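The values are calculated or read from the model by the stated rules, or taken from the named source; none is laboratory data. Everything numeric in this text was worked out from a predicted model, so none of it was measured. Using ideal geometry, Cβ is built from the backbone for each residue, glycine included, and neighbour counts are taken over all protein chains shown. SASA here: full protein model, heavy atoms, side chains in, ligands and nucleic acids out. Shrake-Rupley method; radii C 1.70, N 1.55, O 1.52, S 1.80 Å.
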Amino acid sequence: MATNNTTEQSLTKKVWNLATTLAGQGIGFTDYITQLTYLLFLKMDAENVEMFGEESAIPTGYQWADLIVLDGLDLVKQYEETLKLLSEQDNLIGTIYTKAQNKIDKPVYLKKVITMIDEEQWLIMDGDVKGAIYESILEKNGQDKKSGAGQYFTPRPLIQAIVDCINPQMGETVCDPACGTGGFLLTAYDYMKGQSASKEKRDFLRDKALHGVDNTPLVVTLASMNLYLHGIGTDRSPIVCEDSLEKEPSTLVDVILANPPFGTRPAGSVDINRPDFYVETKNNQLNFLQHMMLMLKTGGRAAVVLPDNVLFEAGAGETIRKRLLQDFNLHTILRLPTGIFYAQGVKANVLFFSKGQPTKEIWFYDYRTDIKHTLATNKLERHHLDDFVSCYNNRVETYDAENNPQGRWRKYPVDEILTRDKTSLDITTTLTSVLYTCHYCGIYIPNGVGGCCLSRYKAMRRPDDKINKIQPSRFFLLTAEQRRGS
């Protein structure tokens, strides 16, 4: 008999303990959570029939009851036939079971997963509870370096801060054209769902407001289930499995929230043929940026996580930046530190812009200089970004060269940006570190650590050796080469 008195934390632990057991048998975390998704949907469908008398959405002969009575190879055969049939459906079920395959081919371990799921009543759990359980599992999966799943998972505290700034409103359409596991869409939904008691508006929010795209079937499955468990897209998933960059957007949207994949397009991808793009390039993130600029309604707004090279790359990068400044209001750039993403060493930024008015000034928030986050010892939390969100909503500079050179928030007129080499947006707005020159070679060193010959001379230094303090002055306008002292 299933019970519902298990706490969120203990159930998450139970689910993840089994993942560890299966990992010892060569079943990876990503494969495990995918199979968990397939089976959990079957179980919740059975509960819907049993508790509420609803008609099963699963074809007869392929339901939960047909699965749990089997063992051994008969169980594996029934499960694989079920996955094949459901993957051919043209509705929410077809989306969740997109290209579904069994990855647990040992009957005893498949039975373990089925038994664990059958011991709980999932449907009557509060949507926030079962959604939180699934989200926590997705996050743990993102931490698995072997699976590479971290590329699909944006840190939730960063997403929450971005959504707080963008302030989506009920009645608006929100799109993520590289949605991963659905974090941006889910957070936007949570932000909007309390804004109105109108049934019409709430139905629109749940069924029509959100739209996500990803070209990886596994990720489409995870995102669709993630939203479904939160009560979103219960008839038809708002997530579709396709390549966003292959064709012009068919519908314009009010809000875009995204963290598109970095680097070049994956091998085997269809070549991009987009006459609507401003410039042709093989740079994946520049193409996503162009796509998102084009799919915004006039007056629409976007927040996009992009790597550093988008800010300074020549050629296509410069062309796109100039268009962004000319036809859009690129009003804010948040510079992010390393150590907050599961993919290590990523240097990224969040670009906030709206469509329809040219840029007059850009506000930069430097959350990179002297900020140290790691996933193990100082994980990014929402409160770490409180100051940024406050600054975003109150446009008053905190940087002052004389009185507060440690201030992280300052603005630059667009005319000054346009005079920079390649229209570069790669600006360190503040220097919260005190600047020093090396005792041996005179090169600038933030905090007097690294970046010059100091590391080579460290073992030879006498106790009375000094590093000479200098004034911050206009260091933030120096080029990277000048900052390195070359």
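At-a-glance table
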{"item": "Verdict on Ile340 being within 21 Å of the chain's Cα centre (by Cα) and either among the β-branched types (Val, Ile, Thr) or at positive phi (or both)", "result": "yes"}
{"item": "Residue check for Leu385: open to solvent by less than 60 Å² (accessible area, probe 1.4 Å) and modelled with pLDDT of 90 or more", "result": "yes"}
{"item": "Residue pairs meeting the criteria (Cβ under 9 Å; at least 6 apart or on separate chains; first over 18 Å from Leu75 (Cα atoms), in segment 41-65; second among the aromatic types (Phe, Trp, Tyr) and open to solvent by 30 Å² or more (accessible area, probe 1.4 Å))", "result": "Met44/Tyr228"}
{"item": "Test: residue in segment 42-58 that is in contact with a helix residue (DSSP H, G or I) (Cβ under 7 Å, 6 or more places away or on another chain), among the aromatic types (Phe, Trp, Tyr) and either assigned to a helix (DSSP H, G or I) or on the phi < 0 side of the Ramachandran plot (or both)", "result": "no"}
{"item": "Within segment 373-397, tally of residues that are in a loop (DSSP other than H, G, I, E, B), under 22 Å from the mean Cα position of the chain (by Cα) and of a type in the set (Val, Ile, Thr)", "result": "1"}
{"item": "Condition check for Asp254: surrounded by fewer than 17 Cβ atoms within 10 Å (Cβ to Cβ) and not in a helix (DSSP H, G or I)", "result": "no"}
{"item": "Total residues in segment 43-69, condition hydroxyl-bearing (Ser, Thr, Tyr) and surrounded by 15 or more Cβ atoms within 10 Å (Cβ to Cβ)", "result": "2"}
{"item": "Complete set of residues in segment 46-73 that are within 37 Å of the chain's Cα centre (by Cα) and farther than 14 Å from Ile124 by Cβ", "result": "Glu55, Ser56, Ala57, Ile58, Pro59, Tyr62, Gln63, Trp64, Ala65, Leu67, Ile68"}
{"item": "Number of positions in segment 352-361 that are open to solvent by less than 60 Å² (accessible area, probe 1.4 Å) and either without any contact (Cβ under 8 Å) to a residue 24 or more places away in the chain or in a strand (DSSP E or B) (or both)", "result": "4"}
{"item": "The listed residue being of a type in the set (Val, Ile, Thr) and within 23 Å of Tyr189 (Cα to Cα), out of Val270, Val304", "result": "Val304"}
{"item": "So Arg395, is it open to solvent by 70 Å² or more (accessible area, probe 1.4 Å) and either at pLDDT below 95 or more than 13 Å from Leu334 (Cα to Cα) (or both)", "result": "yes"}
{"item": "Single match in Val346, Val310 (criterion: assigned to a helix (DSSP H, G or I), in contact with a Leu (Cβ under 9 Å, 6 or more places away or on another chain) and closer than 30 Å to Leu138 by Cα)", "result": "Val310"}
{"item": "Whichever residue in segment 344-382 is modelled with pLDDT under 95 and touching a Phe, Trp or Tyr at 6+ places or on another chain (Cβ under 8 Å) and, among such residues, is nearest to Phe312 (Cα to Cα)", "result": "Ala348"}
{"item": "Test: residue in segment 362-372 that is assigned to a loop (DSSP other than H, G, I, E, B), among the acidic types (Asp, Glu) and on the phi > 0 side of the Ramachandran plot", "result": "yes"}
{"item": "Residue that is among the aliphatic types (A, V, I, L, M), modelled with pLDDT of 95 or more, surrounded by 15 or more Cβ atoms within 10 Å (Cβ to Cβ) and in contact with a helix residue (DSSP H, G or I) (Cβ under 6 Å, 6 or more places away or on another chain), where the choices are Leu431, Leu425", "result": "Leu425"}
{"item": "Breaking point among (1) over 20 Å from Lys99 (Cα atoms); (2) buried (at least 20 other Cβ atoms within 10 Å of the Cβ), for Leu40", "result": "(1)"}
{"item": "Hey, Thr30 farther than 22 Å from His230 by Cβ and open to solvent by less than 70 Å² (accessible area, probe 1.4 Å) or not", "result": "no"}
{"item": "Residue, nearest to the chain's Cα centre (by Cα), within segment 314-337, restricted to residues that are in a loop (DSSP other than H, G, I, E, B) and either touching a residue at least 40 places away in the same chain (Cβ under 8 Å) or under 13 Å from Thr359 (Cα atoms) (or both)", "result": "Leu336"}
{"item": "1 or more residues at pLDDT 85 or above and in contact with a helix residue (DSSP H, G or I) (Cβ under 6 Å, 6 or more places away or on another chain): qualifying helices (runs of 4 or more DSSP H) within segment 62-155", "result": "64-68, 72-87, 92-96, 107-118"}
{"item": "Filter pass, Thr374 being over 22 Å from Thr428 (Cα atoms) and of a type in the set (Ser, Thr, Tyr)", "result": "no"}
